[in-house]
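A.B. asks: Sharing a structure, written as structure tokens. Questions coming.
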Ligand SMILES: C[S@@+](CC[C@H](N)C(=O)[O-])C[C@H]1O[C@@H](n2cnc3c(N)ncnc32)[C@H](O)[C@@H]1O
Ligand SMILES: [Zn+2]
């Protein structure tokens with residue numbers, strides 16, 4: 001079967017779960033092989049087997065050579081212990097029903113983590129798995145779609161994930177930026193986030209050879225953990241540190257695969273690549289976050305919006321939509337006010353999500369700042 005036919009089949013199966021990244025409305029796969037929403041935003045299904053959800057290409061430093069280097073290091077086994085730990089977490093996920101485990105990899109890069117994890121789960125008795133991967137880098141997604149055809153691959157921004165609320169049991173977010181508002185929106189009620197960040201000894205030998213400033217990584221890991229805790233309860237935190245042998249010919253891949261070398265002059269990188277690093281340390285924190293739930297208390301805030309809601313009946317049409325959005329504690333309207341106020345008591349729901357949702361129901365909505 002051709003790549004595009006396979007992708008078409010996968011997307012048709014998933015189409016009820018997709019939503020327009022711009023207005024949040026439902027997407028339908030047209031015969032022209034475009035996903036189209038009610039507001040005529042449309043997204044091409046590429047012949048190479050992925051969907052592009054970006055209207056404008058984004059300049060990113062996560063280009064082809066970096067992704068090829070990551071793929072090489074993945075195949076060489078550098079990430080194996082981390083992959084095994086991720087797979088272990090997926091296998092012990094406490095699924096409440098017998099349906100397929102749905103996984104989204106947010107910032108999936110060239111796709112190996114997600115594709116291997118899904119294959120591993122599907123070879124076990126526990127439950128079947130299916131997934132989607134999203135990444136801002138078109139080159140990364142092209143590589144993913146080329147290598148693995150059993151996953152829905154999307155070029156897109158994780159700040160506008162093209163899926164409807166509460167579609168995924170598990171989100172992977174491996175060595176990539178996070179957007180917790182979006183993560184909470186697309187996670188199911190009992191869903192989990194598996195987030196991986198580098199620890200302070202990660203690639204320490206390489207950092208020393210490249211002359212990277214000491215200590216930065218340690219500070220950043222702590223900041224990232226604290227930031228995550230503000231957005232969702234962290235149920236478990238696993239530290240994984242190991243050393244691997246690094247054959248000489250792999251050193252250039254190691255240098256190329258990491259953002260650590262972005263600030264290092266090419267001459268310095270060439271110099272380091274000529275030397276030997278016999279062993280290299282991998283050091284990760286695997287953080288297990290849980291979907292926010294009403295039983296867990298979080299700080300509440302009141303968000304106020306100007307709308308064009310005309311009547312209580314119109315306001316009522318928002319009820320099923322707002323009820324679906326994680327982090328909406330309660331809401332009301334003041335239709336006597338000239339700004340036709342919508343007030344939302346939020347325990348983590350972001351104003352952007354609320355605006356998107358109200359607009360998807362056909363009303364104007366913008367936030368009134370105090
Ligand atoms: C260090 S790579 C990790 C990729 C992959 N998870 C892995 O471990 O090989 C970071 C990835 O995050 C992606 N990324 C950065 N910002 C993003 C955004 N706003 N939306 C989607 N992906 C993003 C980059 O394109 C890149 O592929
Ligand atoms: Zn749309």
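The values are calculated or read from the model by the stated rules, or taken from the named source; none is laboratory data. Since we're looking at a predicted model, the values are computed, not measured. Because the Cβ atoms are built from the backbone with ideal geometry, glycine has one as well, and the counts that use them run over all protein chains shown.
A.B. asks: Keeping to the stretch 18-34, report how many residues are in contact with a helix residue (DSSP H, G or I) (Cβ under 9 Å, 6 or more places away or on another chain) and more than 10 Å from ligand 2 (Cβ to nearest atom).
C.D. replies: 4
A.B. asks: Among the residues of the stretch 79-90, is any assigned to a loop (DSSP other than H, G, I, E, B), within 25 Å of residue 279 (Cα to Cα), modelled with pLDDT of 95 or more and within 21 Å of the chain's Cα centre (by Cα)?
C.D. replies: yes
A.B. asks: Among the residues of the stretch 146-169 satisfying the criterion of being closer than 18 Å to residue 118 by Cβ and not in a strand (DSSP E or B), which is farthest from ligand 2 (Cβ to nearest atom)?
C.D. replies: Ranking the qualifying residues of the stretch 146-169, first place goes to 147.
A.B. asks: Okay, moving on. Considering only the stretch 206-223, I want to know if a residue exists there that is in contact with a strand residue (DSSP E or B) (Cβ under 7 Å, 6 or more places away or on another chain) and either surrounded by fewer than 18 Cβ atoms within 10 Å (Cβ to Cβ) or under 19 Å from residue 133 (Cβ atoms) (or both).
C.D. replies: Looking through the stretch 206-223, none of the residues is in contact with a strand residue (DSSP E or B) (Cβ under 7 Å, 6 or more places away or on another chain) and either surrounded by fewer than 18 Cβ atoms within 10 Å (Cβ to Cβ) or under 19 Å from residue 133 (Cβ atoms) (or both).
A.B. asks: Something else about it: Can you say whether residue 101 is crowded, with 16+ Cβ neighbours inside 10 Å, more than 30 Å from residue 244 (Cβ to Cβ), at pLDDT 90 or above and away from ligand 1 (no atom under 13 Å from the Cβ), as far as the supplied structure shows?
C.D. replies: Working: crowded, with 16+ Cβ neighbours inside 10 Å: yes; more than 30 Å from residue 244 (Cβ to Cβ): no; at pLDDT 90 or above: yes; away from ligand 1 (no atom under 13 Å from the Cβ): yes.
Considered against the rule, which asks whether it is crowded, with 16+ Cβ neighbours inside 10 Å, more than 30 Å from residue 244 (Cβ to Cβ), at pLDDT 90 or above and away from ligand 1 (no atom under 13 Å from the Cβ), residue 101 comes out as no.
A.B. asks: Among 75, 34, which is the only one that is modelled with pLDDT of 90 or more and away from ligand 1 (no atom under 16 Å from the Cβ)?
C.D. replies: Details: 75 fails: away from ligand 1 (no atom under 16 Å from the Cβ).
It is 34.
A.B. asks: Next question. Checking the structure you have, find out if any residue of the stretch 147-155 is within 19 Å of residue 289 (Cα to Cα) and within 15 Å of ligand 1 (Cβ to nearest atom).
C.D. replies: Looking through the stretch 147-155, none of the residues is within 19 Å of residue 289 (Cα to Cα) and within 15 Å of ligand 1 (Cβ to nearest atom).
A.B. asks: Just to be sure I understand, how many residues within the stretch 61-75 are part of a loop (DSSP other than H, G, I, E, B) and surrounded by 17 or more Cβ atoms within 10 Å (Cβ to Cβ)?
C.D. replies: 1
A.B. asks: Could you check the stretch 188-284 for helices (runs of 4 or more DSSP H) lying wholly inside it with 1 or more residues that are more than 16 Å from ligand 1 (Cβ to nearest atom), free of Cβ contacts under 8 Å to residues at least 60 places away in the same chain and more than 27 Å from the chain's Cα centre (by Cα)?
C.D. replies: Once the helices (runs of 4 or more DSSP H) in the stretch 188-284 are filtered for at least 1 residues that are more than 16 Å from ligand 1 (Cβ to nearest atom), free of Cβ contacts under 8 Å to residues at least 60 places away in the same chain and more than 27 Å from the chain's Cα centre (by Cα), what remains is 204-210, 251-257, 266-274.
A.B. asks: Which of the residues belonging to the stretch 42-60 are within 12 Å of ligand 2 (Cβ to nearest atom) and buried (at least 18 other Cβ atoms within 10 Å of the Cβ)?
C.D. replies: 43, 53
A.B. asks: Does residue 172 satisfy the condition of being away from ligand 1 (no atom under 12 Å from the Cβ), outside any loop (DSSP other than H, G, I, E, B) and surrounded by 19 or more Cβ atoms within 10 Å (Cβ to Cβ)?
C.D. replies: no
A.B. asks: Okay, next question. Output the helices (runs of 4 or more DSSP H) that fall wholly within the stretch 301-370 and possess 3 or more residues being under 29 Å from the mean Cα position of the chain (by Cα), or say none.
C.D. replies: Per the criteria, 319-324, 351-360.
A.B. asks: Among the listed residues 357, 342, 322, 318, which satisfies the condition of being farther than 21 Å from residue 164 by Cα and crowded, with 16+ Cβ neighbours inside 10 Å?
C.D. replies: Result of the check over 357, 342, 322, 318: 342.
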